[in-house]
Each structure stands twice: as structure tokens, then as C-alpha cells.
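Contents: one structure, followed by commentary.
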Amino acid sequence: MANQQLIDALRDADAVKFGEFELSHGGTSNYYVDKYVFETNPRCLELIADAFADRVGDTKLAGVALGAVPLVAVTSVETGNPYVIARKQAKEYGTGNRIEGTLDDGEEVIILEDIATTGQSAVDAAEALRDAGAEVERVIVVVDREEGARENLADADLELESLVTASDLLADAPDDVDVGE
């Protein structure tokens, strides 16, 4: 069930925009959910942390760099759960780590992510975490755009949970805006 307070906060923060937008996976859309707007808004962060906290129990958290770092950090503070950061690629300086933070072999980890379109960033993060010895079965996102992420994650043996879906978020959108477009 959608969290109406979060939906209202995302809308009030102007995180949902309408027009023609290019998405990170190369497609286009007539709406855009601007993660940097909601990730820099204290009220949105508070609601997201509360909602994530209700779902994660005492499991270690992982955030995908860079977008999910604020989300995993506020959720860690809310829950007291430690977290790690999964980079898209190993950095070329310092320690050269792809996973930042402490991770024990066999440790259960839940990935927190901002927006899922195809889910590929979460799949890549899960692969890196699994390669580092973690047990990863769940990904929780703020917004599921409902464009194939659930199926892509399932193919990687990952369960997708979302705080809100594009359908929830766009329920009152202009008539020419379509989910999945």
C-alpha cells in the first residue's frame, strides 16, 4: 500500500516533473522523478527513512553510490543498522574498493535504492555484494517506475519492494502522462 504522506511530500517538493526527459538507461519519458530533489529535502528524507526502517529489521544495509547514499545514511541513523556503499566500479585510487564499509562473509544485506526503472543498478550492486561474500535477496526502492525492474531483479534472484510506484505517484497526473512510457 502506498504511503500517502510520502507521495504528498514528493509532490510538494516538486520531485515529479513533466515534459520530455532522457533516462539513464537511454530511454525517454514524459515524466521524471528527480531523486536529487527528494534526497536533499529533509521532510522527504525523514519519511523515506521511517518507511525503510519499517521494512529492514536489523539487517545490514547497502546503498548504491551515489544516489542511494543519503537514503542509506538516514536509514542507518533511524535504525542503528550499519551500512555499506556499493560502487558501480572499483575506484582507481586509495583502497580500490568496490564495496565501502565493513562486510562480513555470509552477512545478510538489503539494498536500498532511490528509483528503479530497469533495476540494473541494483542488480550490479547485488552482484558486487555477493562477490564480496554477502547474502542479498531484497532490494527496497523509493519509487518503482514499473518499467521492468521487478522482472529484471527476479531474474537475478532478488525481490523488489517499493515505497511507492509510478502508478501511485502519477494518480493525479495530466492525462497525457503514462506509466511505463
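Since every read-out is calculated from the coordinates, none of them should be taken as a lab result. Being a predicted model, the structure only gives us computed values, none of them experimental. Reconstructed Cβ throughout: ideal geometry from the backbone, glycine too, with neighbour counts over all protein chains shown.
Data table
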item	result
Dipole moment magnitude, nearest 20 debye, region 4-169 about Cα centre, only Lys, Arg, Asp, Glu C-beta charged	460 debye
Global geometry of region 1-95, whether rounded, prolate or oblate, following the gyration tensor of its Cα atoms and the 1.5 cut on a/c	oblate
Region 36-147: C-alpha pair distances exceeding 21 Å, %	31 percent
Least to most buried among Phe21, Phe52 (fewest other Cβ within 10 Å first)	Phe21, Phe52
Stretchable slack from His25 to Asp155, in nm (0.36 nm times residue separation minus alpha-carbon distance)	45.0 nm
